[in-house]
Structures are given as C-alpha cells and as structure tokens.
C-alpha cells in the first residue's frame, strides 16, 4: 500500500515536472534525463513510469480532452444556438483557467499535440476540437467562420496560459476571458 | 565582391534554416550545430555570422518590429477610432500573412522573444505591442479590453502561422483573417 502510494506520488510529481520543463524548454528541448535531474531521481525511476516522452505527453493531454469532451456534449444538447455558444464558451474558459499552464503549453508547443496524436486513445484532439468549433459556428460554417473560431479558441487558450496573467486569480481571469470571449463572439453582455 | 555576396547568401540561408529548425524543435531544442548540419556547413561557418542563438533570434525578430512599427504609427495618425482600428488591423494582418512562418514561431515560442528582449535595439517588442494594442482598444482600456485585444492579436498571429493554412495562398488567407478580425472587433463588413 505504502509503496503504491509513493509510486503514485512520484508519477504525479513527474507529470508536474514534465509540464514545467516542457513549458520552459519545449517538448523537443526536454529529455527524460532533465526530468529525472529536476526531480532528483534516476533516469531508471522515470523509465519505470514512462518509457518515452510521447507517453508523458499523452498522459498530459488525455485528461484535458476527457474534461473538454463532456462540456461540448452538454453544449450540443442545448436548444438554442445562443445557449450552445454560452455553454461551450463558459466550459472552455473554465477549463483554460483551471488548467492554464497546461493549456498554454498545448497551444504553444505543437510537439505535445503531435505526441498525443500518435496515440490511439479516444476521443482524439481532432475530434474534440471539431465538436467545440461546431458549437461556436454552427453546422454549416463558411471559411471565415472557421478562421474566426480558430482565432478565438487559440487566442483564449494562449491568453489564459500567458505568464503575463500568472498572478491573476482564477475568478478574475475567468471573468475577463468570458467577457472578452462573449464580446468577440458578438454575444450580449451578461448581467452581473 | 563575390566573396561578400556568398557571405550574404550564407547569412540569409542561415536565418531561413534557423526559422525552420526553431519552428520544428523550438529555440531551446535547436543548437548552432543542428543549423550547421542542416545547411551542410561547419559550426565555425555559422559562428562566423552569429556567435549565439540569441543573436540569430534577434536578427529574426528585429525586421518584423521594423515593419510593424510604421504601420502602427500611420494608424495613430488617422482621425477616427474606426479608421485607426481598420488601418492597424489591415497592416497587422498583412504582416502576418507575408511573414506567416516567422509570426507563428514568435507567438508559439516565447524563447525567441525572450532572446530579442535581451537586446537593446529599438523599438522593442514591448513598445510596438503596446502601441498596437492602443490602436485597437483606445487610450483608456479596461482590463477586459486588454484581454480582448490580447486574445485577438495572438489568435490572429497563431491562426495565420498555423501549418493548417500553409497551403492557402496569401490573398485568400489575408481576406479571411481580415474578415474574421473585423467581425471579432465588431467592425462593419466591408463592401467587396
């Protein structure tokens, strides 16, 4: 039991450390050895948990997709387009704020999504992204609609994960991202 | 003369190669040796042109700032807020499209802007960015205004530099980015 708990703890510390180093050096610029050194463990100990950097990247990306997917599913069950947009935007912004270090990393470093794309887990990044986009633009988008939502979703994620806002508390950041997102999507201001 | 021309050619090929490798591996994940190998020259030949990666990053970023700065200056000379926004947006989008590989790299990899930030050239990234932001939000922005323009400018740059649109020709990409930017900023549609 105790050994299991220690292994579990090492695994989650290892993932946190990987996110930190990936953010600082990029996925390409980070080695398993660097992760081991930062944690003060041997490379063999890292290897016990993850055989490759891809496996680490996958383990980082998959939980995010697992959180975003039901948000988009719930949004699609709303009756009006306005309610669909509002639900998808609020859920997406909430996820960005709660996981801002990770989301910023995913947007900035294509390496981590390439790694996740090599895995066979479902839902895939492409599937969840397509469903999220459709919530914002509807089922029959023009090319301009598509690029608008591309700008909006990546801009939100990049802004939310920006070191410039690292000291802003969750509630404040959520409020401003949501207001900015609503404004950019042409949604009416919410009464507060 | 011929020797000078060859050196000049090597220098510009070196910069192109650096942009390519920085995009693939991140600034952190790229070494002067990798640049030399990709070009099929010696590391000493790279060193003849640039002593450090920072110097390469600086040489990449500085011309972009030199192009963006007069656009923002021109925009600020326009009389109405609408004309200021339109001029700044059109110029910014045009720069993104013409320099899309570079702009995408600058947005995704903070390493290159960190390197540029270490230099003393003017105007700096921070100065040009502040002037661009002011064109979009006016002189007295709220926090939501600031985050809105942050989302918009980075989203535009990230979308323009996305490999997904690498096959889209300049005119088409410019059209869609501009329309999307106008829509996101709440500007009226242009007559075409």
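Any read-out appearing in this document is the output of simple, stated calculations on the displayed coordinates, not a laboratory observation. All values reported here derive from a predicted model rather than from experimental measurement. Heads up, the Cβs are rebuilt from the backbone with ideal geometry, glycines too, and the neighbour counts pull from every protein chain shown.
Things to note:
- Exposure proxy ranking, count of Cβ atoms within 10 Å, fewest first, for B:164, B:24: B:164, B:24
- As a proxy for reagent exposure, B:127, B:59 were ordered by neighbouring Cβ count within 10 angstrom, fewest first; the result is B:127, B:59.
- Within 10 Å of each Cβ in A:170-183, the average number of Cβ atoms from other chains: 4
- A simple spin-label model places the labels of residue B:142 and residue B:127 3.2 nm from each other, with each point 7 Å out along Cα-to-Cβ.
- Computed over the Cα atoms of the protein assembly as shown, pair by distinct pair, the Kirkwood hydrodynamic radius stands at 22.3 angstrom.
- In chain B, the longest principal axis of the Cα atoms and the axis of helix B:2-25 are about 60 degrees apart.
- Between copies, the label points of residue B:170, set 7 Å from Cα on the Cα→Cβ line, lie 4.7 nm apart, reported in increasing order to one decimal in nanometres.
- Span from the the stretch B:40-99 Cα centroid across to the the stretch B:148-163 one, whole angstrom: 15
- Note that the stretch B:31-126 shows a convex hull volume over its alpha carbon atoms of 104 Å³ per residue.
- Separation in nanometres of the label points that stand 7 Å from Cα toward Cβ, at residue B:11 and residue B:167: 3.7
- Cβ-vector label at 7 Å, residue B:43, separations to other copies in nm: 1.9
- Estimated 222 nm signal from helices in chain B, with DSSP H stretches of n ≥ 4 weighted -39500 (n - 2.57), rounded to 500: -24500 deg cm²/dmol
- The stretch B:1-51: C-alpha pair distances exceeding 17 Å, %: 30
- Folded to 0 to 90 degrees: helix B:81-98 orientation relative to chain B principal axis, Cα: 30
- Taking only Cα atoms of the stretch B:14-84, radius of gyration then Dmax in Å: 17.3, 55
- Counting Cβ atoms of other protein chains within 10 Å of each Cβ in B:26-35 and taking the mean gives 3.
- By other beta-carbon atoms within 10 Å, ranking B:9, A:167, A:86 with the fewest at the front produces A:167, B:9, A:86.
- Nearest-ten-degree value, helix A:125-137 long axis tilted from longest Cα axis of chain A: 20
- Pairwise inverse Cα distances across chain B, averaged and inverted, put the Kirkwood hydrodynamic radius at 17.9 Å.
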